[in-house]
Amino acid sequence: MSTEIADAPDADRYEIRDDGVLAGFAQYRAEPGAVVFVHTEVFPEFEGKGIGGALARGALDDVRARGLKAVPSCPFIRGWIERHPDYRDLVA
């Protein structure tokens, strides 16, 4: 499995691809100084492969690299941050 996470700003989401195939996304709303995560979805055929966690980590790493804060309105992103305390400093 080779995954790639990329921001797709025209679609307001981070996308994850598995071997080049779209496997899921984290929809967001950009606000001044923050990224508000509103919905995360992993397509059924990719569930159970760690795709959701890889997507969360990649998206949040990008938010950190941009010097922004994250607003985890999405239950998946919120839960992932709760399980990974080293990302709590990103929460606005």
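Quick notes
- Neighbour-limited loop hits for GluC sites (Glu not before Pro), region 1-91 (at most 13 other Cβ within 10 Å; DSSP other than H, G, I, E, B): Glu47
- Electrostatic tally near Gln27: other residues with Cβ closer than 13 Å to its Cβ, Lys and Arg +1, Asp and Glu -1, net -3.
- Relative packing of 30-36, 51-57, which averages over residues the other C-beta atoms within 10 Å, highest first: 51-57, 30-36
- In a fully extended conformation the segment linking Arg57 and Arg88 would gain 9.9 nm over its present Cα-Cα distance, using 0.36 nm per residue.
- Label of the coordinate-derived value, semi-axes √(5λ) of the Cα gyration tensor in Å, listed as (i) 20, 14, 11; (ii) 26, 16, 11; (iii) 24, 14, 11: (i)
- Cα-based helix-to-principal-axis angle, 51-65 vs the chain, degrees rounded to 10: 40
- Rounded to the nearest 20, the size of the Cβ-charge dipole of the chain about its Cα centre is 380 debye, with Lys and Arg at +1 and Asp and Glu at -1.
Bear in mind that the values in this text are calculations on the coordinates, not laboratory data. Everything numeric here is computed off the predicted structure, so don't read it as measured data. Note that each Cβ is placed from the backbone with ideal geometry, even for glycine, and that neighbours are counted across all protein chains shown.
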